[in-house]
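Below: the structure, in structure tokens.
The values are calculated or read from the model by the stated rules, or taken from the named source; none is laboratory data. Values in this document were obtained by computation on a predicted structure and should not be read as measured data. Neighbour counts run over all protein chains shown; Cβ positions are idealised from the backbone, glycine included. Quick note on the areas: whole protein, heavy atoms, side chains included, nothing else; ligands and nucleic acids left out. Shrake-Rupley method; radii C 1.70, N 1.55, O 1.52, S 1.80 Å.
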Amino acid sequence: MPRPVSIIAKVAANAEEITKLAAETFAQSIAEAVSARGVARVAISGGSTPRTVFELLANPAEPYLKQIPWDKLQLFWVDERCVPPTHEESNYRMTKAAMLDQIPLPAENIHRMEGELDPEEAASRYEAELRNAFRLEGAQTPTFDLIILGLGPDGHTASLFPHTEGLHEMSRLVIANHVVQKETWRVTLTWPVINQGREVAFLIEGEEKAEMVRTVFAGSYNPEEWPAQLIRPASGKLTLLLDSASAAQLPGPPPVGETTLELQ
Ligand code: 6PG
């Protein structure tokens with residue numbers, strides 16, 4: 001059985017508020033990491049939800065652009081589509097347009113997954129990138145300070161889709177995962193790597209995710225069907241950043257604010 005974790009569900013009233021909450025979480029996590037270790041190593045997801053957060057972080061009218069010590073941030077991706085970095089499906093392209101082009105993050109601090117390469121080569125190269133960036137020896141696993149995940153409508157997270165080979169990889173750090181549902185390949189961190197994150201936070205928004213939020217975080221354990229259930233951080237805690245719409249089907253009173261759920 002999976003390790004029990006405490007879920008800290010932080011529920012914002014609406015899309016605008018959850019974007020702010022996510023930006024605050026991002027900035028706070030970086031500040032804590034830099035204060036403790038002089039560097040912050042963060043892995044971000046793609047998809048559509050994070051875009052508004054990246055735009056807020058890079059907005060000169062908001063405090064984050066000045067507040068965040070960008071030169072101390074090492075930025076990584078949780079996963080990437082196997083397309084060139086200029087392709088409309090590229091997570092890197094989305095992040096570049098929403099944030100990277102507007103922030104003073106040194107180029108050498110941006111650790112892009114090379115989606116343009118053969119998937120297995122891209123995975124191997126990214127694994128080597130992680131080993132070098134984290135100065136890993138032997139079987140050591142990288143400890144990201146913050147990992148931001150999304151939740152797909154089918155219960156996937158990262159590029160760990162239901163019934164795909166990637167769900168069974170326990171030793172590698174990064175893999176190429178064939179996603180038969182999308183007839184495509186993806187490069188993704190493996191779930192044991194994600195579980196080593198100091199802080200792991202799902203960022204989930206919208207009514208269309210509410211049923212899957214309940215299924216994944218309050219339903220029976222079936223990770224082949226709902227791979228996001230594999231995310232049970234070794235820290236013993238898991239953060240959910242939700243809006244009231246995506247939190248609507250969680251058990252208990254509609255939690256606006258902060259609620260702790262125990263996940264057995
Ligand atoms: C990706 C993401 C993926 C995403 C979920 C949710 O490459 O698409 O890493 O895991 O987080 O699919 O995506 P939305 O935020 O678009 O709902």
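Over the chain, with the other protein chains present, what is the accessible area per residue in square angstrom, probe 1.4 angstrom?
I get 43 Å² per residue for the chain.
What part of the accessible area of the chain, given as a whole %, is carbon or sulfur when the probe is 1.4 angstrom?
The C+S portion of the solvent-accessible surface of the chain is 49 percent.
Which order do 121, 165, 262 take when ranked by solvent-accessible area (1.4 Å probe, heavy atoms of all protein chains), largest first?
165, 262, 121
By the gyration tensor of its Cα atoms, with a ≥ b ≥ c the square roots of the eigenvalues, what is the shape of region 159-250: rounded for a/c under 1.5, prolate for a/b over b/c, or oblate?
oblate
Using unit Cβ charges (K, R positive; D, E negative) and no other charged atoms, how large, in debye to the nearest 20, is the dipole of region 155-226 about its Cα centre?
260
Give the accessible area for residue 175 in Å² (nearest 10); use a 1.4 Å probe, count only protein heavy atoms, and leave out ligands, DNA and RNA.
Estimated to the nearest 10 Å², residue 175 gives 10 Å².
May I ask which residue of 39, 239, 8 lies farthest towards the positive end of the charge dipole of the chain, with charges of +1 (Lys, Arg) and -1 (Asp, Glu) on Cβ and the Cα centre as origin?
39
Considering only lysines 8 or more places apart in sequence, or on different chains, count the pairs in the chain whose C-alpha atoms sit under 20 Å apart.
Number of lysine pairs found: 9.
Calculate the dipole size of region 27-259 relative to its Cα centre from +1 charges on Lys and Arg beta carbons and -1 charges on Asp and Glu beta carbons; express the result in debye to the nearest 20.
So the magnitude is around 680 debye.
Mind running the shape call on the chain? Use the C-alpha gyration tensor, a ≥ b ≥ c as the square roots of the eigenvalues: rounded below 1.5 for a/c, prolate if a/b tops b/c, oblate otherwise.
rounded
Dipole of region 26-118, Cα-centred, from +1 at each Lys and Arg C-beta and -1 at each Asp and Glu C-beta, to the nearest 20 debye?
Rounded to the nearest 20 debye, it is 340 debye.
Among DSSP beta bridges whose residues both lie in the chain, state the antiparallel percentage, nearest 5.
Here the share of antiparallel DSSP bridges comes out near 45 percent.
In terms of solvent-accessible area of protein heavy atoms at a 1.4 angstrom probe, what is the ranking of 186, 172, 81, highest value first?
Reading off the accessible areas and sorting them downward yields 172, 81, 186.
Pop out the ³J(HN,Hα) list for region 28-34 in order, Karplus 6.51 cos²θ - 1.76 cosθ + 1.60 with θ = phi - 60°, rounded to Hz; leave Gly and Pro as x.
Using θ = phi - 60°, the values come out as 5, 5, 5, 4, 5, 5, 5 Hz.
For region 1-61, rounded, prolate or oblate, judged on the Cα gyration tensor with a ≥ b ≥ c (square roots of eigenvalues), a/c < 1.5 rounded, else prolate if a/b > b/c?
Oblate, since a/c reaches 1.5 and b/c is not below a/b.
If each DSSP helix of 4+ residues adds -39,500 (n - 2.57) and the sum is divided by the residues in the chain, what number results at 222 nm, nearest 500 deg cm²/dmol?
Mean residue ellipticity, 222 nm, calculated: -8500 deg cm²/dmol.
For residue 93, what accessible area in Å² do you get when you roll a 1.4 Å probe over the heavy atoms of the protein chains, rounding to the nearest 10?
110
Considering the options 187, 162, 57, tell which one lies farthest towards the positive end of the dipole of the chain, charges being +1 on Lys and Arg and -1 on Asp and Glu at the Cβ, about the Cα centre.
Comparing the listed Cα positions along the dipole, 57 ranks first.
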